[in-house]
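Peer 1: First the structure, then my questions, so here it is.
The values are calculated or read from the model by the stated rules, or taken from the named source; none is laboratory data. These numbers come from a predicted model, not from an experiment. Cβ placement follows ideal geometry from the backbone for every residue including glycine, while neighbour counts extend to all protein chains displayed.
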Amino acid sequence: MQSSLSPNHALFEFALFMGDNGLICGHRLSEWTGHGPALEQDIAITNISLDLIGQATSWLNLAGEVEGKGRSADDLAYFRSDRQYRNFLLTEQPNGDWAMTIVRQFLFDCFHFEMLQALLNSQDERVVAIAAKSIKEVVYHLRYNSEWMIRLGDGTVESHRRMQRALKEQWRFLGELYEDQELDQVLAESGISVLPSSLKQAAFSRMRGVLKEATLKEPAAVTDFKGSGRKGIHSEHLGHLLAVMQSVQRAYPGQEW
Amino acid sequence: MKNNWPIWEVFIRSKNGLSHKHVGSLHAADAEMAIENARDVYTRRSEGISIWVVESKNITASSPADAAALFEPAADKIYRHPTFYILPDEVKHM
């Protein structure tokens, strides 16, 4: 397939994509800090948030390095608008109740784990290094969220009802995760990454295993829902999230403490 | 619901060769969650490499009222401490 994208530009976009997913998920989870359902879960979800923001820092630094215009991870995080963000629609969805958050994170973890696993074989050693560091954290995220899926899905009538509702709500955003874009073809051909569609089978088989144990019903696939966070076409929620996350740097550019 | 979670005691081993030490307690619905909560609450700063959890109700404690009978008789048995032996010079770090 002929493409106008250079491998270098594709890597820049890919690093943004990986970084933005981590940053937006991390920010969403940070909103739970001080509001967790129990002190222990408050700390746990904040730990995961910090893992993801740490990973985002590595990816966005790589993006800045590949771009070569001197932009740091902070520049990329705080001075891009929603149309320039590359995260999945899934990751920016509001926290809602605990069920909504757990389902969102679980669906993301299943993608994230398979992607990082594949990136361990990347031709770019910087990508391998970030993936190798991240995957240990993500194995734990997956375990943590899988257990909550099962605990609440196979819990009380009320927890089951909330989980099923959350699953239906978040499932709509799943299509985008395993859809190949032009960018992915370039990345796959240059050995930097793999086609997201190649991750689908393993990810879905993991998801279905957990759903079964959680006694949750897999919602019907939603195919007519084609917003694309990766292309910068976001839901209404991202703008609000960025307004909060970027407010200090927008008001006082370059401010440090 | 959170009020119904039982309390668990947490023991952490900081490195191989040392024994697990009690570090504190936490709430969790079951053992699996207790291990994860312990990991998140008590090993955030690389405190350990192994975790034990045990539900607090399974611990039997000595009664403070029995302290005199249990512990005081040891106080005058100084010969139980190995402080009266003359160590050969070759033995160091005893």
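Peer 1: From the set of residues in the stretch B:1-45 that are among the hydrophobic types (A, V, I, L, M, F, W, C), more than 20 Å from A:D42 (Cβ to Cβ) and within 15 Å of the chain's Cα centre (by Cα), which is modelled with the lowest pLDDT?
Peer 2: First, pick out the residues of the stretch B:1-45 that are among the hydrophobic types (A, V, I, L, M, F, W, C): B:1, B:5, B:7-8, B:10-12, B:18, B:23, B:26, B:28-29, B:31, B:33-35, B:38, B:41.
Now drop any that are not more than 20 Å from A:D42 (Cβ to Cβ), which leaves B:11-12, B:18, B:31.
Checking the rest, the ones that are also within 15 Å of the chain's Cα centre (by Cα) come to B:11-12, B:18.
Working: B:F11: 97, B:I12: 97, B:L18: 92.
Residue satisfying both the conditions and the ranking: B:L18.
Peer 1: If you take just the helices (runs of 4 or more DSSP H) that sit entirely in the stretch A:5-85, which of them hold at least 1 residues that are out of contact with any strand residue (DSSP E or B) (no Cβ under 9 Å at 6 or more places or on another chain) and within 14 Å of chain B (Cβ to nearest Cβ)? Steps first, please.
Peer 2: Details: elements: A:7-30, A:39-67, A:73-78.
Counting at least 1 such residues, we get A:7-30, A:39-67.
Peer 1: Is there a residue being under 18 Å from the mean Cα position of the chain (by Cα), within 30 Å of A:R161 (Cα to Cα), without any contact (Cβ under 8 Å) to a residue 40 or more places away in the chain and crowded, with 17+ Cβ neighbours inside 10 Å anywhere in the stretch A:35-48?
Peer 2: Yes, because at least one residue in the stretch A:35-48 is under 18 Å from the mean Cα position of the chain (by Cα), within 30 Å of A:R161 (Cα to Cα), without any contact (Cβ under 8 Å) to a residue 40 or more places away in the chain and crowded, with 17+ Cβ neighbours inside 10 Å.
Peer 1: Something else: Hey, could you check the stretch A:110-159 for residues that are among the polar types (S, T, N, Q) and in a helix (DSSP H, G or I) and say which is nearest to A:E65 (Cα to Cα)?
Peer 2: Going through the stretch A:110-159, the residues among the polar types (S, T, N, Q) turn out to be A:117, A:121-123, A:134, A:145-146, A:156, A:159.
Now drop any that are not in a helix (DSSP H, G or I), which leaves A:117, A:134, A:145-146, A:159.
Details: A:Q117: 23, A:S134: 19, A:N145: 33, A:S146: 35, A:S159: 45 Å.
Step by step, filter the stretch A:110-159, then rank; the result is A:S134.
Peer 1: Let me ask you something else. Within the stretch A:228-241, does at least one residue satisfy the condition of being within 14 Å of another protein chain (Cβ to nearest Cβ) and either aromatic (F, W, Y) or within 23 Å of A:A10 (Cβ to Cβ) (or both)?
Peer 2: To start, the set of residues in the stretch A:228-241 that are within 14 Å of another protein chain (Cβ to nearest Cβ) comprises none.
Checking the stretch A:228-241: not a single residue is within 14 Å of another protein chain (Cβ to nearest Cβ) and either aromatic (F, W, Y) or within 23 Å of A:A10 (Cβ to Cβ) (or both).
Peer 1: Please enumerate the residues belonging to the stretch A:138-162 that are buried (at least 19 other Cβ atoms within 10 Å of the Cβ) and within 14 Å of A:E114 (Cα to Cα).
Peer 2: Selection gives A:V138, A:H141, A:L142.
Peer 1: Moving on. Could you please find all residues in the stretch B:20-41 being farther than 20 Å from A:S146 by Cα and touching a Lys or Arg at 6+ places or on another chain (Cβ under 8 Å)?
Peer 2: Keep residues of the stretch B:20-41 that are farther than 20 Å from A:S146 by Cα, which gives B:20-26.
Scanning the stretch B:20-41 gives B:H20, B:K21.
Peer 1: Report every pair of residues separated by at least 6 positions or lying on different chains whose Cβ atoms are under 6 Å apart, first residue within the stretch A:128-140 and in contact (Cβ under 8 Å) with a residue 12 or more places away in the chain, second surrounded by fewer than 18 Cβ atoms within 10 Å (Cβ to Cβ).
Peer 2: A:A131/A:L120
Peer 1: Among the residues of the stretch A:59-90 satisfying the criterion of being polar (S, T, N, Q) and surrounded by fewer than 20 Cβ atoms within 10 Å (Cβ to Cβ), which is farthest from the chain's Cα centre (by Cα)? Quick ask: steps written out before the conclusion?
Peer 2: Step one: list which residues in the stretch A:59-90 are polar (S, T, N, Q), which gives A:61, A:72, A:81, A:84, A:87.
Imposing the further condition that a residue be surrounded by fewer than 20 Cβ atoms within 10 Å (Cβ to Cβ) reduces the set to A:61, A:72, A:81, A:84.
Values: A:N61: 17, A:S72: 20, A:S81: 18, A:Q84: 16 Å.
Here the residue is A:S72.
Peer 1: Can you pull out every residue in the stretch B:5-39 that is among the hydrophobic types (A, V, I, L, M, F, W, C), away from chain A (no Cβ under 14 Å) and either free of Cβ contacts under 8 Å to residues at least 24 places away in the same chain or in contact with an Asp or Glu (Cβ under 7 Å, 6 or more places away or on another chain) (or both)?
Peer 2: Correct list: B:I12, B:L18.
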